Amino acid sequence: MDNRINEIRRTIRALRVSMREAEAIMHEQINRGEDCSFVAQEVIKMRSVMSLLVKERTALGDHEPIVVNSFFIPRRRPTRKPVAARAPTVESVFRPRLVARA
């Protein structure tokens, strides 16, 4: 029984890491405007497998949380869009200039 629970916990841990990697790939594809349907379908499949494993684990009596050791996907800083120079207005072109008098 304990061996099956440990096996399920290892599988869930590996699935979590795979799901996070797939989600990161999917978000990058979305940001680039690419089709991400294949990766999204794989994430959905992983979630369904995860659901079945969690149900089996709970049925075996394991209720402890499963921790993934510091999995961190660094995020890229958002790209800065170039600020367009403002078009000159009539007021800025024809404003009175201050001239020093002698």
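Computed from the coordinates by the stated procedures, all read-outs in this text should not be read as laboratory data. Worth saying up front: this structure is predicted, and the values here are computed from it rather than measured. Using ideal geometry, Cβ is built from the backbone for each residue, glycine included, and neighbour counts are taken over all protein chains shown.
A few notes on this one:
- Residues located in the stretch 4-20, provided they are free of Cβ contacts under 8 Å to residues at least 40 places away in the same chain and closer than 17 Å to Thr58 by Cβ: Asn6, Glu7, Arg10, Leu15
- Those residues of the stretch 1-41 which are touching a helix residue (DSSP H, G or I) at 6+ places or on another chain (Cβ under 9 Å) and closer than 27 Å to Glu64 by Cα, in sequence order: Arg4, Ile5, Ile8, Arg9, Thr11, Ile12, Leu15, Arg16, Ser18, Met19, Ala22, Glu23
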